[in-house]
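Asker: One structure follows; several queries about it will come next.
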Amino acid sequence: MKTLYMPIDRYAVFGHPIGHSKSPRIHALFAQQTGQLIDYTARDVPADRFAEELQKFSDGGGKGLSCTVPLKEMAWHIAQDKTERANRAKAVNTLVIGSNGKICGDNTDGAGLLRDLTVNLGVSISGLNILLLGAGGASRGIIDPLLAEKPERLIIANRTLAKAEKLAEEFSGLGSIAVLGFEALTGKSFDLVLNATAASLSGDLPPLPEGILNPGGVCYDLAYGNQPTAFVRWGLGVGARLSVDGIGMLVEQAAEAFFIWRGKRPQTCPVIELLNKERGQANYT
Ligand code: ATR
């Protein structure tokens, strides 16, 4: 009797460090939910081994990769074909490996944030005064999709002003965007404050003056953790209507990648709810 051999399509997330990545769990839940047979693992890959490990993964029949810190910019350089949104972000978080070995890059981070904000949290961006903290890779990936929603104004504040200025210049044709140093924020107020600095990762908080959040305002930290970040706690302390971390964005960007790879769109809310339950947090109140 012949045994039917069904190869399982292989995917992975590469990054460094990668130990606490929730991506394998998220993709396993998506696969279960949509009836897809896939294998998705996490691999610790530092920048100096990225090209070599990617080649090995591709040679071994790998179908796609998620790329996280510190590999997103490098992935953008390596990908042979790139989507428009990846080119605007100059970073890639999703790679598709074609049957001919051709590597295509996309960036689903901005779409993930927007979906979490607008669909899951019900925050309409149009007409809002937005403050974006940070001018690194995380900010670069979300400016374009934020401006596409036509906010009243987007202000970027960064410790190193020159970096924010460069970023604002790059995206200036897409909407109302300006730059301020943290000290110049005194006396200004915003409806939505997004934290895209790396401060949360070390338990720090950018220096934010009092009165910066309008009544009924929303705070969103792109970082996430098993405990509320310093920025999420700050938001709750200054009376935000909502002050949440980026767990929803993480799940949404993964869902978008899953759709690119498998052509199936998983339901994200049950996955977000499960992850929140597991870490003992209710993100959506
Ligand atoms: P990423 O790709 O995650 O955005 P990055 O490119 O290193 O990482 O950018 C990190 C961002 O966090 C930068 O805007 C950085 O400010 P500088 O450009 O002045 O370095 C910001 N950042 C990091 N630690 C911070 C802190 N403790 N307070 C305020 N901003 C901080």
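The values are calculated or read from the model by the stated rules, or taken from the named source; none is laboratory data. Fair warning: this is a prediction, and the values are worked out from it, not measured in the lab. Neighbour counts run over all protein chains shown; Cβ positions are idealised from the backbone, glycine included. All accessible areas refer to the heavy atoms of the entire protein, side chains included, with ligands and DNA or RNA removed. Shrake-Rupley method; radii C 1.70, N 1.55, O 1.52, S 1.80 Å.
Asker: Among (1) over 26 Å from residue 24 (Cβ atoms); (2) not assigned by TED's automatic domain parsing to the domain that holds residue 151, where does residue 236 come up short?
Answerer: Unmet condition: (2).
Asker: Sticking with this one: When only residues in region 184-194 that are touching a residue at least 60 places away in the same chain (Cβ under 8 Å) and within 16 Å of the ligand (Cβ to nearest atom) count, which is nearest to residue 137 (Cα to Cα)? Spell out the reasoning first.
Answerer: Filtering region 184-194 for residues touching a residue at least 60 places away in the same chain (Cβ under 8 Å) gives 189-194.
Filter once more, so that each one left must be within 16 Å of the ligand (Cβ to nearest atom): 193-194.
On the way: 193: 17, 194: 14 Å.
Residue satisfying both the conditions and the ranking: 194.
Asker: Further, regarding this structure: Checking residue 92 against (1) surrounded by fewer than 22 Cβ atoms within 10 Å (Cβ to Cβ); (2) within 16 Å of the ligand (Cβ to nearest atom); (3) within 18 Å of residue 223 (Cα to Cα), which test does it fail?
Answerer: (1)
Asker: In region 122-164, which residues are open to solvent by 40 Å² or more (accessible area, probe 1.4 Å) and of a type in the set (A, V, I, L, M, F, W, C)?
Answerer: If the condition is that a residue be open to solvent by 40 Å² or more (accessible area, probe 1.4 Å) and of a type in the set (A, V, I, L, M, F, W, C), then 138, 148, 161, 162 are the ones that fit.
Asker: Being within 23 Å of residue 123 (Cα to Cα) and at pLDDT 95 or above is the filter here; which residues of region 149-177 pass it? Outline the logic, then answer.
Answerer: So in region 149-177, the residues within 23 Å of residue 123 (Cα to Cα) come out as 149-157, 171, 174-177.
Of everything in region 149-177, those that are within 23 Å of residue 123 (Cα to Cα) and at pLDDT 95 or above turn out to be 149, 150, 151, 152, 153, 154, 155, 156, 157, 177.
Asker: Return the total of residues in region 195-230 being open to solvent by less than 20 Å² (accessible area, probe 1.4 Å), in contact (Cβ under 8 Å) with a residue 60 or more places away in the chain and not aliphatic (A, V, I, L, M).
Answerer: 3
Asker: Determine whether residue 91 is within 18 Å of residue 111 (Cα to Cα), among the small types (Gly, Ala, Ser) and in a helix (DSSP H, G or I).
Answerer: Working: within 18 Å of residue 111 (Cα to Cα): yes; among the small types (Gly, Ala, Ser): yes; in a helix (DSSP H, G or I): no.
For residue 91, the condition - within 18 Å of residue 111 (Cα to Cα), among the small types (Gly, Ala, Ser) and in a helix (DSSP H, G or I) - is not met.
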